[in-house]
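Have a look at the structure below before the remarks.
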Amino acid sequence: MKLVLFLNMGGATNLQDCEVFLKNMFNDPYILGIKNAFLRKFVAWIITKARVKAMQENYKQMGGKSPLNELTQSLCLKLSAKQKAFCFDFVNLYVPPFAKEVLGKYKLGKEDEIILFPLYPHHSRTTVTSSLEVLQNRVKSLKIDAKIKIIDVFYKNELYNQMIISHILEKQKHFGAKTLIFSAHSLPVSVIEKGDLYEKHINEHVELLKEKLKNHFDEFIIAYQSRLGPIKWLEPNTSDILANLKQKALIYPLSFCIDCSETIFELGIEYKHLAKEAYELISCPNDSDEFAEFILDCL
């Protein structure tokens, strides 16, 4: 068996899971960099209690759940229907399905291979490193001796970028905007200063896309969303960019492969009242045929 596991942070599928998500996220040492595990757990508990009601209210505006699990499951089914060489499943880091329950569904031995496919185009310790570490530790603790293969970040992949460009241009046909905003999830500047590659990869990715799109747009903007707390984060903020728009725009959620609360709620709902001009949000690759073909090409 060749088992492909997509790795993501995950999205709550009900309001109760919002607390589970927050608790697990802030217990992640790559997210909350407190070395003492007991102290980190205590601080995570405080943050969770402070934020859970607001998160639940946001989720109510999305119908009570994130679309991430359903979209990822749909992608797995589509990929399975296209070929017979690989089996596809997915693991979330902070909400179910967790690694233990997913791996427990399969009888894996020395002749089998687990292909870990983080659904993050750009590398960050807070996403790729954290997800891979959890999966590899779980494989080891379950004494699974299958071979492990890892799919690297893919923001330079030509097939992947062709898909992004086609999705952007298709949206532009119907909306006609000449400003294109690439919105990426922000990170604390302190994480970048410690050598995290994320901002470098975002900048390189935008340059690649701009070269292909320069004849279609007058203005390209990199912006960062989803910052938390009083510390310094990557800028400019997507909300500030939208509040100062001078003409209508398209937004592409550059750091996301599957739509989630950061795209559906934050970009699609929360920021709408801030924008000085109209904007349209382009969907993530999700379970599109082009994304499925890109994934198969990676394998």
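Numerical summary
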quantity	calculated
Scope the stretch 60-102; condition among the basic types (Lys, Arg) and either touching a residue at least 24 places away in the same chain (Cβ under 8 Å) or buried (at least 17 other Cβ atoms within 10 Å of the Cβ) (or both); matching residues	LYS60, LYS65, LYS78, LYS82, LYS100
Filtered residue count, the stretch 278-296, keeping only those that are of a type outside the set (Gly, Ala, Ser) and under 15 Å from the mean Cα position of the chain (by Cα)	6
Residue in the stretch 191-207 that is touching a Leu at 6+ places or on another chain (Cβ under 7 Å), among the hydroxyl-bearing types (Ser, Thr, Tyr) and open to solvent by less than 10 Å² (accessible area, probe 1.4 Å) present	no
Any hit, the stretch 170-183, residues being surrounded by fewer than 19 Cβ atoms within 10 Å (Cβ to Cβ), of a type outside the set (Lys, Arg) and more than 20 Å from LEU267 (Cβ to Cβ)	no
Residue list for the stretch 184-212, restricted to those being within 23 Å of the chain's Cα centre (by Cα) and over 24 Å from LEU32 (Cβ atoms)	ASN203, GLU204, HIS205, VAL206, GLU207, LEU208, LEU209, LYS210
The stretch 30-40 - residue that is surrounded by fewer than 15 Cβ atoms within 10 Å (Cβ to Cβ) and not hydrophobic (A, V, I, L, M, F, W, C) and, of those, modelled with the highest pLDDT	ASN36
Residues within the stretch 262-286 that are part of a loop (DSSP other than H, G, I, E, B), within 17 Å of GLY11 (Cβ to Cβ) and open to solvent by 40 Å² or more (accessible area, probe 1.4 Å), tallied	2
Pairs, first acidic (Asp, Glu) in the stretch 273-299, second part of a loop (DSSP other than H, G, I, E, B) and open to solvent by 40 Å² or more (accessible area, probe 1.4 Å), C-beta under 9 Å, six or more apart	GLU277/LYS246; GLU277/GLN247; GLU277/LYS248; GLU280/LYS248; ASP297/ASN157
Subset of the stretch 208-225 (residues that are in contact with a helix residue (DSSP H, G or I) (Cβ under 8 Å, 6 or more places away or on another chain) and open to solvent by 20 Å² or more (accessible area, probe 1.4 Å))	LEU208, LYS212, HIS216, PHE220, ILE221, ILE222
Selection within the stretch 230-252 - in a helix (DSSP H, G or I) and hydroxyl-bearing (Ser, Thr, Tyr)	THR238, SER239
Cβ-Cβ under 7 Å pairs, at least 6 apart or on other chains, the stretch 18-46 side under 19 Å from LEU132 (Cα atoms) and polar (S, T, N, Q), far side part of a helix (DSSP H, G or I) and open to solvent by 50 Å² or more (accessible area, probe 1.4 Å)	ASN27/LYS41
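The values are calculated or read from the model by the stated rules, or taken from the named source; none is laboratory data. Keep in mind it's a predicted model, so treat the numbers as computed, not measured. All Cβ positions, even for glycine, are placed from backbone atoms using ideal geometry, and neighbour counts span all protein chains on display. Calculation scope for accessible area: heavy atoms of the full protein, side chains included, ligands and nucleic acids excluded. Shrake-Rupley method; radii C 1.70, N 1.55, O 1.52, S 1.80 Å.
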